[in-house]
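The values are calculated or read from the model by the stated rules, or taken from the named source; none is laboratory data. Here the structure is a predicted model, which means the values were calculated and not measured. Backbone-built Cβ (ideal geometry, glycine too); neighbour counts: all protein chains shown.
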Amino acid sequence: MYQTNYVKAASTDEAVGHMSSGGQLLAGGMTLIPTMKQRLASPETVVDLAGCGLSGIEDTGDAIRIGAMTRHVDVAESAVVQGAIPALAALAGGIGDRQVRNCGTIGGSVANNDPSACYPAAVLGLGGTVHTNKRDIAADDFFTGMFETALDEDEMITAVSFPKVAKAAYLKFPNPASRYAMVGVFVAAGGDGTRVAVTGAGSDGVFRHGGMESALDGDFSASALDGVAVDSSDLIGDIHAAPDYRAHLVREMAKRAVDAC
Amino acid sequence: MPEGSTKDGIGASVRRKEDKRFLTGSGRYTADISRHGQLHVHFIRSDHAHANIKSIKTDDAAKADGVVAIYTGEDVAADGIGGPICGWVVTNRDGSPTNEPPHPILANGTVRYVGDHVVAVIAETLQQARDAAELVEIDYEVLAPVVDLASASEGVQIHENVPNNMYFDFELGDEAAAEAALANASTLVELEVRNNRLIPNAIEPRAALAEYDPAEEAYTLFTTSQNPHLTRLVIGAFMLNIPESKLRIVAPDVGGGFGSKIYVYPEEAVCTWASKKLQRPIKWTADRTEAFLSDAHGRDHINKVKLALDENNRITGLRVDSLANIGAYLGAFSVVTPTILHTPLMSGCYKIPAIYTNIKGMATTTARVDAYRGAGRPEATYLLERVMDAAARQVGMDPAEFRRINFIPKDAFPYQTPVALQYDIGDYEAPLDKALEMIDYKGFEARRAEAAKRGKYRGIGLSSYIEACGIAPSAVAGALGSRVGLYESATVRVDPTGTINVMTGTHSHGQGHDTTFAQIVADKLGVDVGQVQIIHGDSDKTPFGMGSYGSRSLAVGGSAIAKAVDKVIDKAKIIAAHLMEAADSDVVFADGKFTVAGTDTEKGFGEIALAAYVPHNYPHDRLEPGLEETAFYDPLNFTYPSGTHIAEVEIDPATGVVQLVDWACCDDFGNLINPMIVEGQVHGGIAQGVGQALMENAAYDENGQLITASYMDYCMPRADDLPDFKVDYTVTACTHNDLGVKGCGEAGAIASPPALINAVIDALSPLGVTDMSMPASPEKVWRAINEAGKAQAAE
């Protein structure tokens, strides 16, 4: 790790103030700290958000609002989340390992937009809203590419809201080595129709699959997905899974998610 | 399970004495040790697989904060420092010797793999050393890498004295006889298998801390070693020219080795060398990336196998032609592992009249490959147990029955194989039968049918293995090219109060020696295990020994301890006879007491110990005072553990995921000292084999970059990948050591990969699948299913 300065912000405003002078936000640190230890990141200042009062889970009626600094374990074990959107609690309970779930946060995961992270699939699959210090951003507008989001330079996530839906499920095929999602599919059926979000597979990060959504809108059953084509040309290929295998897994995980709904 | 003669003695599952310190975080590893004034070294490693070093510019780095010294290969050469040596060489087919290239501890002129050591940056803190390292400019002339094993001989030559990139070309057996058997075969079975490259991944990375005492002109090196005395010999005599008596090697608690810590590595030599140059202690601890890149890797063979059967499906001949990827340099056991520890195992548990095998050791621009848990024997077992299944399938026989009719019968021992080894004892049907019963082999087809109803392919696979361990008779090893002896040593020191210290030449890095060895002593002396302290890992404290590898610690090291204890008892009997005024021959020692036959006169062991150290009333005319004895034990033969492992798997055709659903094994390790520790060794070995068969694979890209250099991509087995193992034993006691023990440390890793792959192939055999390579990853299995489906559709 390179020399770095550490500050602990007491509020969102203070944290954003440090950002404008080059500060790097530190949420749970599950990505940033290992990256710094490997000398792949060298922020001059690390701004710890633990003191900003951004953790907590709230039922807002038609949605669940989760503070940015809420840890995965808190979402997984929350009776509110388990009752309203059980698929979201299950997703959080399946991220990483026990140590990661006890440190990692929803805001950190969503802001980082790792193409293999689980949370982006939930945000996009449920059609959630990302709240920042400046505005509310719809999920469909938020994820703009691998490790890329719509966040401005001086913008930080304060909370994420998830609408309560009729039914939803997330099925993950873990990378055998890292156990990140090699393919993860979040299927949600609500008032506005079915949403299918895929993580782990896309070269541009998390994406919705229109073909599967249409098929499920017509017939919400696993077999409705049998004939749906999954284009492998935009999918990731690596030593664990070539694009065609990932494409196959996308449909397979989607079918299993539908069955689990 | 054999019953022990005392509560804590041989045969008792005594809880591990060492676990208190391990489980409470009180272990003392090399990185836990610090010395006043120590400096830290960071190694700049090559990021090219193969390149000439045109220049190294260190000026800016040398001026950086805290930097004390920067060394390159030129400094090493100027001081006449040698490299790690190859500990065992072989004679080639044409009578020429093994080609041994130099292995400088810092690359001099050329780098030969990604991770090769180029520059040592030494600074007050590790942070400063790493910061300064970024200021060093190395100008490389990139050369063509040699990555692919099959075509390595056609690649650019990596070492000046290794033509065709071939270190050695070794053969064993009778080629004409094997060829005749193949030509006359009623059934000829042909198979090519790949034994995938593995990275050891000991939980503790390698580390070193060297200190020089100018007043004594003596060095102390704390290091992560499985064999401190050999490290002393190699660094002292072959690398740094330090008198052995002036070099102390301490290998304290070591967190796993699996073979990777047998060898001397450049880093520990650099630390030792620099500690004198700078007159400051030098510390180094590998990070995980360095471990992936520069620890010696394991396996990596291509084996072409031909098996001949007669009309009764009896094996008549075997030919194996292999390539072994040795990597960029030769390590201590790089040559012996794919030759002497591999080719003599080709007979397995089977009566095979004619065997011939040839193996070529190839240089590539990858990390060096050396002995890794099982070392040569897993590779032999894998090809043999795969071809056994292929043969059974080809002739339409049940694989268990096919093995059974080809086993060496239990009345045929000692059995001389056509490939050098003479098996002293064994009974291969007994563990096969037991394992078949444990897994309910007869009920398998019903389980397969039930799984099919759930849409799963279920398969079962066997592996009946033998291994040669407890390495080995020194005379035989010497005749076969070993440059060291392979005996073991022990000193048993009885204290005046009757407590006992055992100094062993073996080294425990997870095996539980503190407990197992104490049980041997406790059993023989009739004392509590708590009274016995096992001391290892310090060349100043222990007699010269060869360390731990090859499942040798108990069979060789334990036997040395038993012999030393016997000497103690012999001496104590004379003391007891004197004190009890009896003839030596009338004194009986049992249950910790010396008695005179036919009387009620007795002396406790502690009383005799006290008399030996307070020799007021003592047979001075016959004995020296004190009660301390040393024994060296050089075995007469290898030991031959054997057994059968059976895996049962279920495959999800939609994803290709192989789930390991059941495992039964029955091993013959001879007598067991601590069955709990043995079972732990079996579990760990199986887990490692499951890793190889289903998950682990060290992959280099075409440029020679290691693309599995972290746990993000290198897949290790985890607890939830494994079922509960059903473990049992049969016993044929080893005939040539006093304890009747054979060794258990490697068996699981040797036996398990073919059992698993055979199970995967069996599961997919209804689709027409006949081959599967390791690791049987989900993608690979999914493709095999798809291609089989396409083939079936085309028919």
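Looking only at region B:195-208, decide whether some residue is more than 18 Å from the chain's Cα centre (by Cα), over 30 Å from residue B:324 (Cβ atoms) and outside the structural domain of residue B:383 (by TED's automatic domain parsing).
no
May I ask you to list the residues in region A:164-193 that are on the phi < 0 side of the Ramachandran plot, part of a strand (DSSP E or B) and away from chain B (no Cβ under 14 Å)?
A:167, A:168, A:169, A:170, A:186, A:187, A:188, A:189, A:190
Based on what the data block shows, is residue B:714 among the aromatic types (Phe, Trp, Tyr), within 13 Å of chain A (Cβ to nearest Cβ) and touching a residue at least 12 places away in the same chain (Cβ under 8 Å)?
In short, yes.
In region B:501-522, how many residues are farther than 25 Å from residue B:684 by Cα, out of contact with any Phe, Trp or Tyr (no Cβ under 9 Å at 6 or more places or on another chain) and crowded, with 24+ Cβ neighbours inside 10 Å?
Total meeting the criteria: 2.
For region A:36-117, give me every one of the strands (runs of 3 or more DSSP E) that falls completely inside it and has 2 or more residues that are closer than 22 Å to residue A:165 by Cβ and of a type in the set (D, E, K, R).
In region A:36-117, the matching strands (runs of 3 or more DSSP E) lie at A:57-59.
Can you go through B:721, B:713 and tell me which one is touching a Ser or Thr at 6+ places or on another chain (Cβ under 9 Å), buried (at least 16 other Cβ atoms within 10 Å of the Cβ) and over 30 Å from residue B:555 (Cβ atoms)?
Testing whether each residue is touching a Ser or Thr at 6+ places or on another chain (Cβ under 9 Å), buried (at least 16 other Cβ atoms within 10 Å of the Cβ) and over 30 Å from residue B:555 (Cβ atoms) leaves just B:713.
Which ranges mark the strands (runs of 3 or more DSSP E) fully within region B:551-652 that have 2 or more residues being in contact with a Leu (Cβ under 9 Å, 6 or more places away or on another chain) and within 30 Å of residue B:385 (Cα to Cα)?
Strands (runs of 3 or more DSSP E) meeting the threshold: B:642-652.
Would you call residue B:386 modelled with pLDDT of 95 or more, in a loop (DSSP other than H, G, I, E, B) and among the basic types (Lys, Arg)?
no
Does region B:673-688 contain at least one residue that is in contact (Cβ under 8 Å) with a residue 60 or more places away in the chain, within 11 Å of another protein chain (Cβ to nearest Cβ), part of a loop (DSSP other than H, G, I, E, B) and of a type outside the set (A, V, I, L, M, F, W, C)?
No, the conditions are met nowhere in region B:673-688.
For residue A:237, all conditions in the list (1) within 14 Å of chain B (Cβ to nearest Cβ); (2) small (Gly, Ala, Ser); (3) in contact with an Asp or Glu (Cβ under 7 Å, 6 or more places away or on another chain) hold save one; what is the number of the exception?
Residue A:237 satisfies every listed condition except (3).
Residues in region B:700-711 that are in contact (Cβ under 8 Å) with a residue 60 or more places away in the chain and either outside any loop (DSSP other than H, G, I, E, B) or within 10 Å of chain A (Cβ to nearest Cβ) (or both): how many?
Final tally of qualifying residues: 6.
Output yes when any residue across region A:3-11 is in contact with a Pro (Cβ under 8 Å, 6 or more places away or on another chain), within 14 Å of chain B (Cβ to nearest Cβ) and in a helix (DSSP H, G or I), and no when none is.
No, the conditions are met nowhere in region A:3-11.
Is region B:444-462 home to any residue that is outside the structural domain of residue B:670 (by TED's automatic domain parsing), farther than 21 Å from residue B:86 by Cα and charged (D, E, K, R)?
Scanning region B:444-462 turns up no residue that is outside the structural domain of residue B:670 (by TED's automatic domain parsing), farther than 21 Å from residue B:86 by Cα and charged (D, E, K, R).
Starting from residues that are among the acidic types (Asp, Glu) and buried (at least 24 other Cβ atoms within 10 Å of the Cβ), keep the ones in region B:733-763 and report whichever is modelled with the highest pLDDT.
B:762
Would you mention how many residues in region B:653-672 are within 14 Å of chain A (Cβ to nearest Cβ) and either part of a strand (DSSP E or B) or within 30 Å of residue B:740 (Cβ to Cβ) (or both)?
Count: 4.
Restricting to region B:762-795, name every residue that is among the polar types (S, T, N, Q), closer than 29 Å to residue B:713 by Cβ and part of a helix (DSSP H, G or I).
B:786
Can you list the strands (runs of 3 or more DSSP E) lying wholly within region B:218-335 that have 1 or more residues being buried (at least 24 other Cβ atoms within 10 Å of the Cβ) and in contact with a Lys or Arg (Cβ under 6 Å, 6 or more places away or on another chain)?
By residue number, B:247-250, B:298-309, B:315-327.
If you take the residues of region B:597-611 that are touching a Lys or Arg at 6+ places or on another chain (Cβ under 9 Å) and not basic (Lys, Arg), which of them is farthest from residue B:739 (Cα to Cα)?
Applying the filter and picking the extreme gives B:611.
One residue is enough: does region A:210-225 have a residue meeting the conditions in contact with a strand residue (DSSP E or B) (Cβ under 8 Å, 6 or more places away or on another chain), outside the structural domain of residue A:96 (by TED's automatic domain parsing), part of a helix (DSSP H, G or I) and charged (D, E, K, R)?
Yes, region A:210-225 contains at least one residue that is in contact with a strand residue (DSSP E or B) (Cβ under 8 Å, 6 or more places away or on another chain), outside the structural domain of residue A:96 (by TED's automatic domain parsing), part of a helix (DSSP H, G or I) and charged (D, E, K, R).
I'd like the residue in region A:18-52 that is out of contact with any strand residue (DSSP E or B) (no Cβ under 8 Å at 6 or more places or on another chain), among the small types (Gly, Ala, Ser) and exposed (fewer than 15 other Cβ atoms within 10 Å of the Cβ) and, out of all such residues, is farthest from the other protein chains (Cβ to nearest Cβ).
My answer is A:20.
Would you please list the contacts, defined by Cβ atoms under 8 Å and residues six or more apart or on different chains, that run from a residue in region A:20-39 that is within 19 Å of residue A:133 (Cα to Cα) to a residue that is small (Gly, Ala, Ser) and modelled with pLDDT under 95?
Hits for this filter: A:24/A:41.
Would you confirm whether or not region B:99-120 contains a residue that is over 28 Å from residue B:326 (Cα atoms) and assigned to a loop (DSSP other than H, G, I, E, B)?
Within region B:99-120, not a single residue is over 28 Å from residue B:326 (Cα atoms) and assigned to a loop (DSSP other than H, G, I, E, B).
Among the residues of region B:149-160, is any within 14 Å of chain A (Cβ to nearest Cβ), acidic (Asp, Glu) and either without any contact (Cβ under 8 Å) to a residue 60 or more places away in the chain or surrounded by fewer than 23 Cβ atoms within 10 Å (Cβ to Cβ) (or both)?
no
Within region B:411-432, which residues are without any contact (Cβ under 8 Å) to a residue 60 or more places away in the chain and of a type in the set (D, E, K, R)?
Within region B:411-432, B:411, B:429 meet the criteria.
If I ask for residues that are away from chain A (no Cβ under 13 Å) and either more than 33 Å from the chain's Cα centre (by Cα) or surrounded by fewer than 17 Cβ atoms within 10 Å (Cβ to Cβ) (or both), which ones from region B:770-795 would you list?
Across region B:770-795, the qualifying residues are B:770, B:771, B:773, B:788, B:790, B:791, B:792, B:793, B:794, B:795.
Out of all the residues in region B:741-758, is one or more under 30 Å from residue B:436 (Cα atoms), more than 14 Å from every other protein chain (Cβ to nearest Cβ) and part of a strand (DSSP E or B)?
yes
Among (1) surrounded by fewer than 24 Cβ atoms within 10 Å (Cβ to Cβ); (2) modelled with pLDDT under 95, where does residue B:187 come up short?
The failed condition is (2).
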